[in-house]
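The values are calculated or read from the model by the stated rules, or taken from the named source; none is laboratory data. What you see is a predicted model; the values in this text were computed from it and never measured. Cβ coordinates were reconstructed from backbone atoms using ideal geometry, including for glycine residues, and neighbour counts include every protein chain displayed.
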Amino acid sequence: MKINLSNLALLILIATTMACSDDDSVAHEYQVRSYFNLAADNSWTYNNTYSSENKPPQDGSETLIVDELTTENGKDFYQLKSTNIEVPGLTTSFLTSGKLAESEDQSSLFYTGDFNLSILEQLPEINIDVQELKLYDQNLSTGTNMFLKDEVINQTISDIPLTISVEVYSNYLGNLGSKSVNGETYTNVIASEIIVKAKVTSSLAFTTITVLEQQDFFKATLYFAPQIGLIKSDAMIEATFEDLSSFGLPLEDILIISNQELIDFSLQAE
């Protein structure tokens, strides 16, 4: 069978063109883009629901604003603040306690600040210094760990020594496609999760007593839409304590659920 060389060259050219066209469409579908528009004065308003044990659920709004831009070692950091708070949200409280920075190619978003763990009123506040905790990284595969920090904190409460072991994680959950939030459908939504594991022990009477078995004390799932920012978060604080009433330290279990959904936003063009 004879093959015309000019026809063969034409077929190769067509096949190559089609292959390049397919590659371009895939690249376009998964192109890196900003998932948090952090221009000055940009704002996002959320409807927050907040519930805790033995208290009726609360429902109200909160507005998050890009309040301040600072530059450190050539890198831009954005400080957020909450205003018009009818009901506070756990995720926005976390975001406003630190500052955010994007990578140069906008593929990643980082949080730097003090992660506050207020376990109970009877116990002192615990602040964990967190440096560059990744909130998302579009270059990673779904399920990839983005950040891990271990810390051990020693505290004394009512003459009872406590050892608090904390692990802070963030994981990338990937591109979820479309997601409906408050009646609005967003496309190419990405998600991540932040988890804080905590364990509390005490050395009493020459033995180690468990105050809090290791558990997910804090967990938040965050959803981001391209060119907009955080559109939804589901966060929870949970702690089941051992019975230490005989030691003079009665601790009540904790269960707090905080959900936030975007209802309005005002953004400057990037």
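Restricting the first member to region 201-230 and to residues that are more than 30 Å from Asn175 (Cβ to Cβ) and assigned by TED's automatic domain parsing to the domain that holds Ser108, and the second to residues that are surrounded by fewer than 18 Cβ atoms within 10 Å (Cβ to Cβ) and among the small types (Gly, Ala, Ser), the beta-carbon pairs closer than 9 Å and six or more apart or on different chains are Thr201/Ser165; Ile209/Ser203; Gln214/Ser165. Here Gln138 passes the criteria (1) closer than 30 Å to Lys75 by Cα; (2) over 15 Å from the mean Cα position of the chain (by Cα) except the one numbered (2). Tallying residues that are closer than 15 Å to Leu204 by Cα and in contact (Cβ under 8 Å) with a residue 24 or more places away in the chain within region 243-257 yields 4. Residues of region 205-220 include at least one that is crowded, with 19+ Cβ neighbours inside 10 Å, over 27 Å from the mean Cα position of the chain (by Cα) and either of a type outside the set (Phe, Trp, Tyr) or within 30 Å of Val181 (Cβ to Cβ) (or both). Restricting the first member to region 92-104 and to residues that are in contact (Cβ under 8 Å) with a residue 24 or more places away in the chain and of a type in the set (Asp, Glu), and the second to residues that are assigned to a strand (DSSP E or B) and surrounded by 20 or more Cβ atoms within 10 Å (Cβ to Cβ), the beta-carbon pairs closer than 6 Å and six or more apart or on different chains are Glu102/Leu109. When Ser233, Ser245, Ser192, Ser202 are checked against the criterion of being in contact with a Leu (Cβ under 6 Å, 6 or more places away or on another chain), modelled with pLDDT under 90 and not aromatic (Phe, Trp, Tyr), a single residue qualifies: Ser202. Scanning region 166-195 for residues that are surrounded by fewer than 19 Cβ atoms within 10 Å (Cβ to Cβ) and under 23 Å from Lys149 (Cα atoms) returns Glu167, Tyr169, Leu173, Gly174, Glu193, Ile195.
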